[in-house]
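Undergrad: Sharing a structure, written as structure tokens. Questions coming.
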Amino acid sequence: MIEYSPIPLRKFVAPEFLFGSGAISMLSRYIKNLGVKKILLVTDLGIVKAGWVSVVEKQIKDSGISHVLFSGISPNPRDDEVMIGSEIYQKESCDMIVAVGGGSPMDCAKGIGIVCINKKHISEFEGVDKIPLPGPPLVCIPTTSGTSADISQFSIILDSVRKVKMAIVSKILVPDAALIDPITLSTMDAKLTAETGMDALVHAFEAYVSNASSPITDLNALRAVELIRNNLVQMIKSGGKGEHADNMMLGSLLAGLAFSNASLGIVHAMAHALGGFLDLSHGECNAILLEHAVNYNYESIPGKYNDLAKAMGIDINGMTYTQIKNALTESIAELRYKSGIRHGFSELGLKKEEIPLLAENALSDACIVTNPREAAKSDIEELYAAAF
Ligand SMILES: [Fe+2]
């Protein structure tokens, strides 16, 4: 007799969001409704160049609200950048933040908000539920189909002294609203599309096998995998426009809803350690690690990985667990390869002797807690070596 096990109690949090064509032009309504006086507009120079900042600035100006632009943000947003942004916010007497861009400006904007209100250094919020007071109103406009910082309770900030990425996790970090418009994907290049798309795939995989998953996050995660598998390569080919881009934006959103509530796992813990140490692209690190992590985790939770295999388009009928595991890791490697990510960590500058330090840092990352298999330092070292 199969023993009955009740559904575990889980909370699901998401901001109000507008999804679809025209979402970006709805900003003026949100800022008018909030009755704010001055906005800190957080972005990066790539987004300014892409033209999305002008689209947003016009709406702010037309609404009769003043703003100050902060665009001094690195691809891996740094602690000192958060502190500079919060100084500008306070000096300029802002009362709201709007973030436009990929994960970097949005994570930085979340950090700026909590620093301003709590009057503490950003590093004091590292970990889970370490933020006493919420930041000011925050509206996010994502321009990539990957990070989902616009709807998540995560902010990842580089500690420039320790060279580690701090995972700051709290429901307080969920923005007040997200305006998710697939049109913004049209200015991404092929490399960024591939890296952010593979990041979204990892979000869905890790959320689905997470110890904190729920039927609600599962639903979102599986659909996200299907959408990303069926659209990422085609989106790269079509230059970020049309149906494939729309589907990738949806896939990214669903993966974000899943991981924001179920958290992540060993891939993100290892990618944070590596990305912080060598200042590498987050999505690229994730993409390289995923197949190795699946190989490592599979036996801990085979039923769920079999569901993921089906979502990746594999007919698992009649296959043994080993065959399914191999087919799944091969399908991930194929997607990674076709999207243009074709190298290992040695080509990104990692040296073998640096692996033990990275493994140590990955072990203390908040994301490792929900990985379905408890990892020892030696396991993580082997995974870095396998992706070398
Ligand atoms: Fe990620």
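The values are calculated or read from the model by the stated rules, or taken from the named source; none is laboratory data. Since the structure is predicted, the reported quantities are computational estimates derived from the model, not experimental observations. No Cβ is skipped: glycine too gets one built from the backbone with ideal geometry, and neighbour counts run over all protein chains shown. Just so you know, the surface numbers come from the protein's heavy atoms only, side chains and all, with ligands and any DNA or RNA stripped out. Shrake-Rupley method; radii C 1.70, N 1.55, O 1.52, S 1.80 Å.
Undergrad: With each pseudo-label sitting 7 Å past Cα toward Cβ, what's the Y337-S378 distance in nm, one decimal?
TA: Computed distance between label sites Y337 and S378 equals 3.2 nm.
Undergrad: If the chain between Y4 and M319 were fully stretched, how many nm would it gain, using 0.36 nm times the residue separation less the Cα-Cα distance?
TA: Numbers: separation 315, 0.36 × 315 = 113.40 nm, distance 2.75 nm.
Net length gain for the segment: 110.7 nm.
Undergrad: Using a 1.4 Å probe on the protein heavy atoms only, what accessible surface does R223 show? Give it in Å² to the nearest 10.
TA: That residue has around 110 Å² of solvent-accessible surface.
Undergrad: Something else now. Can you pick out the pairs among K110/K237; K130/K352; K49/K171; K110/K165; K171/K191 whose Cα atoms lie more than 23 Å from each other? Please report the intermediate quantities before stating the final value.
TA: On the way: K110/K237 33 Å; K130/K352 34 Å; K49/K171 32 Å; K110/K165 15 Å; K171/K191 31 Å.
Long pairs (Cα-Cα over 23 Å): K110/K237; K130/K352; K49/K171; K171/K191.
Undergrad: Where does the charge balance sit around K171 when Lys and Arg score +1, Asp and Glu -1, over other residues with C-beta under 14 Å from its C-beta?
TA: Numbers: positive: R10, K11, K110, K130; negative: D129, D176.
Cβ neighbours under 14 Å give a net charge of +2.
Undergrad: What nm value, rounded to one decimal, do you get for the distance between S186 and K130 when each label is placed 7 Å out toward the C-beta?
TA: Computed distance between label sites S186 and K130 equals 4.2 nm.
Undergrad: Here's a follow-up. Taking every DSSP beta bridge that has both residues in region 16-185, what percent is antiparallel when rounded to the nearest 5?
TA: Details: 6 of 29 bridges.
Here the share of antiparallel DSSP bridges comes out near 20 percent.
Undergrad: Under the rule a/c < 1.5 gives rounded, and otherwise a/b versus b/c splits prolate from oblate, where does region 186-295 land using the Cα gyration tensor? Please report the intermediate quantities before stating the final value.
TA: On the way: a/c = 2.15, a/b = 1.15, b/c = 1.87.
Since a/c reaches 1.5 but b/c is at least a/b, the shape of region 186-295 is classed as oblate.
Undergrad: Would you mind calculating the gained length between N211 and E243 on full extension (0.36 nm times residue separation, minus the Cα-Cα distance), in nm to one decimal?
TA: Taking N211 through E243 to full extension adds about 8.1 nm, to one decimal.
Undergrad: Still on this structure, I have one more. Counting only other residues whose beta carbon sits under 12 Å from that of P136, what net charge do I get with K and R as +1, D and E as -1? List each step's numbers first, then the result.
TA: Working: positive: K37, K38, K110; negative: D95, D176.
Value of the local net charge: +1.
Undergrad: Could you provide, to the nearest whole Å², the per residue accessible area of the chain with probe 1.4 Å? Before the final figure, lay out the partial values.
TA: Numbers: 15620 Å² over 388 residues.
Each residue of the chain exposes 40 Å² on average to a 1.4 Å probe.
Undergrad: Now, a different point. Can you give the FRET efficiency to the nearest 0.05 for E353 and K120, using r as the Cβ-Cβ distance and R₀ = 35 Å? Before the final figure, lay out the partial values.
TA: On the way: r = 36 Å, r/R0 = 1.02.
Efficiency for this residue pair is about 0.45.
Undergrad: Per the 1.4 Å probe, what fraction of the accessible area of the chain, in percent, lies on carbon and sulfur atoms? Provide the component values of the computation, followed by the final result.
TA: Values: 8370 of 15620 Å².
So the carbon and sulfur contribution to the accessible surface is 54 percent.
Undergrad: Just in region 69-157: which chymotrypsin sites (Phe, Trp or Tyr not before Pro) are loop by DSSP and have at most 13 other Cβ atoms within 10 Å?
TA: Numbers: sites: F70, Y89, F125, F154; in loops: none.
Hits after loop and neighbour filter: nothing returned.
Undergrad: For the chain, return all DSSP H helices satisfying: extent of Cα atoms along own axis at least 20 Å; mean Kyte-Doolittle hydropathy at least -0.5. Can you show the working numbers first?
TA: Details: long enough: 103-118 (22 Å, 0.74); 190-209 (29 Å, 0.45); 215-237 (34 Å, 0.28); 243-262 (28 Å, 0.47); 282-297 (21 Å, -0.20); 321-338 (25 Å, -0.61).
Result, helices passing both filters: 103-118, 190-209, 215-237, 243-262, 282-297.
Undergrad: Report, in deg cm²/dmol and to the nearest 500, the calculated mean residue ellipticity at 222 nm for the chain, where each DSSP H run with n ≥ 4 adds -39500 (n - 2.57) and the sum is divided by the residue count. The partial results should precede the final answer.
TA: Working: 14 runs with 193 residues, N = 388.
Value at 222 nm, helices only: -16000 deg cm²/dmol.
Undergrad: Cβ under 11 Å from S21's Cβ, S21 left aside: what net charge do those residues give with Lys, Arg +1 and Asp, Glu -1? Intermediate results must be reported in sequence, preceding the final value.
TA: Numbers: positive: none; negative: D181, D246.
The answer is -2.
Undergrad: Given the chain, what percent of its DSSP beta bridges are antiparallel, to the nearest 5?
TA: Values: 6 of 29 bridges.
So the antiparallel bridges in the chain amount to around 20 percent.
Undergrad: Now a separate question. If I histogram all Cα-Cα distances within the chain using bins 10 Å wide from 0, what percent of pairs lands in each bin?
TA: 5, 25, 35, 24, 9, 2, 0
Undergrad: I'd like the distance between the alpha-carbon centres of region 246-270 and region 178-197, rounded to an integer number of Å.
TA: Here the two parts' Cα centres lie 15 Å apart.
Undergrad: Then there's this: If you take the beta carbon distance between S300 and N33 as r and set R0 to 51 Å, what does 1/(1 + (r/R0)^6) give as a FRET efficiency, to the nearest 0.05? Please report the intermediate quantities before stating the final value.
TA: Details: r = 47 Å, r/R0 = 0.92.
It comes out at approximately 0.65.
Undergrad: Is the shape of region 16-185 rounded, prolate or oblate, going by the alpha carbon gyration tensor and its root eigenvalues a ≥ b ≥ c, with a/c under 1.5 for rounded and a/b larger than b/c for prolate?
TA: Prolate.
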